Amino acid sequence: MKDTTVASNLEELLTTVYCHCGCVRETIEVCTCGTAVGIEQDFRDRLLAGETVEQIRTDYLDTYGPQYYAVMPVEGINLLAYAMPIIILALIGGIVFVVLRRRTRSMQKTAAAGAHEASASEVSDETVKQVEAELERYKRGS
């Protein structure tokens, strides 16, 4: 049980801090340099000695700086980065809603105008038939 706890805690540490070796910004889990191997062993030893993940991570970040924290903290300007996808999705959803609503209204107006024209042409057809009937009566009477 202790081995699985240490392994999961070690994985959490290795995936949440960057290696300070100077290579490309990679987490310690991904970095393949000797520095990363040494850091991993140090973290493992400290976990086995009873230190917590937070204690080890805080000590590491205090030593090398907050720029080595791979997880963006949810505070300050970073809140904007976390909120932007939600804001963008809401804006896109609103735009789609407005466009679809306008299109639906436009289609309803077009359908109503078509129905009005159809009813006007039906009246016109009836009128033509009445005129033709009157014309026939007039021809017979003359």
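Listed values (i) 54, 28, 24; (ii) 123, 35, 25; (iii) 67, 29, 18 include one computed from this model; for Cα extents along the principal axes in Å that value carries the label (ii). Here's how it looks for Tyr69: its modeled amide H is under 5 Å from those of Tyr18, which are all 5 or more places away or on a different chain.
Apply 1/(1 + (r/R0)^6) to the Cβ-Cβ distance of Cys33 and Ile88, taking R0 = 35 Å, and write down the FRET efficiency to the nearest 0.05.
So the FRET efficiency works out to roughly 0.40.
Using the 1.4 Å probe convention, the accessible area of segment 1-134 works out to 72 Å² per residue with neighbouring protein chains retained.
I'd like to verify something in the chain: which complete DSSP H helices, judged by Cα projection on the helix axis, reach 20 Å or more and average at least 1.6 on the Kyte-Doolittle scale? Don't skip to the answer; put the middle values down first.
Numbers: long enough: 2-16 (21 Å, -0.27); 34-48 (21 Å, -0.24); 78-141 (94 Å, 0.11).
Helices passing the filter in the chain: none found.
Measuring nothing but protein heavy atoms, the accessible surface of segment 6-118 at 1.4 Å probe radius is 63 percent carbon and sulfur. The aspartates and glutamates whose alpha-carbon is closer than 18 Å to the alpha-carbon of Lys2, local same-chain residues fewer than 8 away aside, are Glu11, Glu12, Glu40, Asp42, Asp45, Glu51, Glu54. Checking the cross-link filter: which lysines have an alpha carbon closer than 26 Å to that of Lys129, excluding same-chain neighbours under 8 positions apart? Leaving aside lysines fewer than 8 places away in the same chain, those within reach of Lys129 are Lys139. Spacing of the modelled spin labels on Met107 and Glu51, each 7 Å from Cα toward Cβ, amounts to 6.4 nm. Debye sum, Cα scatterers, segment 20-85, no solvent: what log₁₀ I/I(0) at q = 0.18, 0.20, 0.21, 0.25 1/Å? For segment 20-85 at q = 0.18, 0.20, 0.21, 0.25 Å⁻¹, log10 I(q)/I(0) is -0.78, -0.90, -0.95, -1.14.
Computed packing ranks the peptides 104-112, 15-23 as 15-23, 104-112, most packed first, by mean other Cβ atoms within 10 Å.
Think of each Lys and Arg Cβ as +1 and each Asp and Glu Cβ as -1; about the Cα centre, that makes the dipole of the chain roughly 1160 debye.
On a full-extension model of 0.36 nm per residue, what is the gain between Gln41 and Thr127, subtracting their alpha-carbon distance, rounded to one decimal in nm?
On the way: separation 86, 0.36 × 86 = 30.96 nm, distance 9.77 nm.
That works out to 21.2 nm of additional length.
The values are calculated or read from the model by the stated rules, or taken from the named source; none is laboratory data. Only a predicted model underlies this, so the values are computations on that prediction, with no experimental measurement involved. Here Cβ is always computed from backbone atoms with ideal geometry, including for glycine, and neighbour counts include all displayed protein chains. To get the accessible areas, we keep the full protein, side chains included, count just its heavy atoms, and leave off ligands, DNA and RNA. Shrake-Rupley method; radii C 1.70, N 1.55, O 1.52, S 1.80 Å.
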